[in-house]
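Beneath this line is the structure, given in structure tokens, with notes to follow.
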Amino acid sequence: MTVQRYDVSMDRTIAVFGASRSLKGDPHFEEAVLCGQLLARAGFAVATGGYAGTMEAVSQGARLAGGHVIGVTAPDVFPGRIGANEHVAEERKARSIVERMGLLIEEVDGAIALWGSLGTATELLVAWNIAYVAPFSGGTRMPIVAVGEPWISIVPNLEESLGTDTGIVTVADSVSEAVQHMATALG
């Protein structure tokens, strides 16, 4: 398969977080493929953790739709994982999990959290915190969307429990709704 390559410096990039254990054929994997396709069709490059599961699914979908795919890997942290998935056009290697999150979150224009576990929750919370503090230094908040469960219940609960600004993280029922939100917010 030939990957359409283009200058990503002229495009906006969306980080997509999700579970590494999602398998081909399961609903979460297929939802992630659709997310990658929709983002690429909307003109966005995608950045993921670069490995298997949701990361591979988003990468596959974006690549099939002609999008640019960035994979931020951490070979020293995950020595059992051999390189980025086959759909990644640009691999960025981090030395630690903290550096990986920084590379994945700080150089993007928005973020979407799909179904996942502790790593996905951590990435969402880091992105949320970066968006929360952005105005303190005159920056603008990047749009963040959390799709489906468990985020539909977790995000409002955290907003209330932590007393943080509401609306920093938008909760969406579907990847279509999430991508539409990104297109509108960044349009």
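The values are calculated or read from the model by the stated rules, or taken from the named source; none is laboratory data. Just so it is clear, the model here is predicted, and its values are computed rather than measured. Cβ atoms come from the backbone with ideal geometry, glycine included; neighbour counts cover every protein chain shown.
Go through region 13-56 residue by residue and tally those that are modelled with pLDDT under 95, farther than 29 Å from D76 by Cβ and buried (at least 18 other Cβ atoms within 10 Å of the Cβ).
0
Looking at region 74-90, is at least one residue among the polar types (S, T, N, Q) and buried (at least 22 other Cβ atoms within 10 Å of the Cβ)?
The answer is yes, given that some residue of region 74-90 is among the polar types (S, T, N, Q) and buried (at least 22 other Cβ atoms within 10 Å of the Cβ).
So if I check each of A94, A113, A131, A84, which one is among the hydrophobic types (A, V, I, L, M, F, W, C) and more than 28 Å from S176 (Cα to Cα)?
Matching residue, one of A94, A113, A131, A84: A94.
For region 140-187, how many residues are touching a strand residue (DSSP E or B) at 6+ places or on another chain (Cβ under 7 Å), closer than 20 Å to E31 by Cβ and β-branched (V, I, T)?
9
Does G138 satisfy being over 19 Å from the mean Cα position of the chain (by Cα) and at pLDDT below 95?
When the stated conditions are applied, G138 does not pass them.
From G61, G50, G80, G67, grab the single residue that is of a type outside the set (F, W, Y) and on the phi > 0 side of the Ramachandran plot.
Answer to the check: G50.
Does V46 fit the bill of being outside any loop (DSSP other than H, G, I, E, B), within 20 Å of A183 (Cβ to Cβ), free of Cβ contacts under 8 Å to residues at least 60 places away in the same chain and in contact with a helix residue (DSSP H, G or I) (Cβ under 7 Å, 6 or more places away or on another chain)?
Judged against the criteria, V46 is a match.
What about A178, is it at pLDDT 95 or above and over 26 Å from R21 (Cα atoms)?
The answer is no for A178.
Among the residues of region 47-72, which ones are among the β-branched types (V, I, T) and under 14 Å from E123 (Cβ atoms)?
Passing the criteria: T48, T54, V58, V72.
Residues that are out of contact with any helix residue (DSSP H, G or I) (no Cβ under 6 Å at 6 or more places or on another chain) and either free of Cβ contacts under 8 Å to residues at least 60 places away in the same chain or among the aromatic types (F, W, Y) (or both): find the strands (runs of 3 or more DSSP E) completely inside region 81-182 holding 2 or more of those.
90-93
Would you mind stating whether G71 is more than 18 Å from V147 (Cα to Cα), in contact with a Ser or Thr (Cβ under 7 Å, 6 or more places away or on another chain) and modelled with pLDDT of 95 or more?
Here the answer is yes, as G71 does meet what is asked.
Conditions tested, residue by residue: (1) basic (K, R); (2) within 20 Å of A42 (Cβ to Cβ); (3) exposed (fewer than 15 other Cβ atoms within 10 Å of the Cβ).
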| residue | (1), (2), (3) |
| --- | --- |
| R100 | yes, no, no |
| L104 | no, yes, no |
| I130 | no, no, no |
| L162 | no, no, yes |
| Q180 | no, yes, no |
